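Bear in mind that the values in this text are calculations on the coordinates, not laboratory data. A quick note: this is a predicted structure, and the numbers were derived from the prediction, not measured. Cβ placement follows ideal geometry from the backbone for every residue including glycine, while neighbour counts extend to all protein chains displayed.
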Amino acid sequence: MWQSHNNKLWRKQTETTYAVYDRACTVLTEWQTAHAEQTNSINRQLQPAELKWSKPSLGRYKCNIDASFSSDIDKVGIGMCIRDDQGKFLLAKTEWFSPTCDVEMSEAQGLLHAFRWVCDLQLEDIDFELDAKIVVTKFHSKNDDISELGDVIRDLARDSWSAAGLSSVLHNATYQQTNVMDRICAICNNESSDIVGRVAMLLWCIWHNRNDKLWNDNVQMSRQIGRHAFDVWNDWYSVHKLQSNNVSGTTKADLVRWEKPALDWVKCNVDVAFVSGSGRTSMGLCFRDNNGHFKSGMTQ
């Protein structure tokens, strides 16, 4: 009626009483239909959705993590379960810690414990899944979080430095500059070439993992990154030192020549190598036949 009044006043249009009534019925019906659809949509969203576990991609594993709470004993329980790409159960583990804390902190602790457990198992190509959206968001966030939850997330990143044998560098008060470039420059100015080389190798491995995630959707755990950096650096260091060491005073009498085994026999040569400061020993095996042809080899 108000719209009909305005049409008469401003547009010089006159409507019959029936036309006004008909338009009012049409508008009311459309509004009721739209309101009913919106209400039904909200009700469907409020209904609990049926959640199904999804398999990881071919050749990968999935580790599901969840936390439980017991107010009676003031403890938080963490459960971890690993399945393969066929959904078959492989391993599971539970842990308890106290006192109780909020859901996000408990889930973050569960993720941290799962990371370390999987690294100890030396499993690779594994996805982690948990139902705490805040923890997942903060884990992938580039923003610094000064809360307790942020401390746990940072512990996950620190694991890579520990696995690379660089914990002392990470926690050194001299290198706590807020600017990453200043921190790296301080490390280069104060540490030995061995430490600087390991830091550079770790940074390269972190960058490589970032690209692997971006382009191949493949993620390594922090400890795996640190261990890989440690191993690669030790390999490079061993070869570099071997090449740079000029052994003098070697006479023809000192030369040792490899001897073939008897006919139809295979000879296995074994040797070990040591890298000072790394705390590791490497072993090499090499198999050759009676013609001296290489058959197989192994390092560990």
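Applying 0.36 nm per residue to the separation of Asp217 and Arg257 and subtracting their alpha-carbon distance, the gain on full extension is 9.4 nm.
Percent of Cα pairs in segment 55-143 per distance bin of 10 Å, from zero to the largest separation: 17, 45, 31, 7, 0.
Report the calculated FRET efficiency for Gln13 and Thr137 (r = Cβ-Cβ distance, R0 = 51 Å), to the nearest 0.05.
Values: r = 56 Å, r/R0 = 1.10.
So the FRET efficiency works out to roughly 0.35.
Cross-link check: pairs Lys55/Lys93; Lys88/Lys295; Lys55/Lys75; Lys213/Lys295; Lys62/Lys295 evaluated at a Cα-Cα cut-off of 29 Å; pairs beyond the cut-off: Lys88/Lys295; Lys55/Lys75; Lys213/Lys295; Lys62/Lys295.
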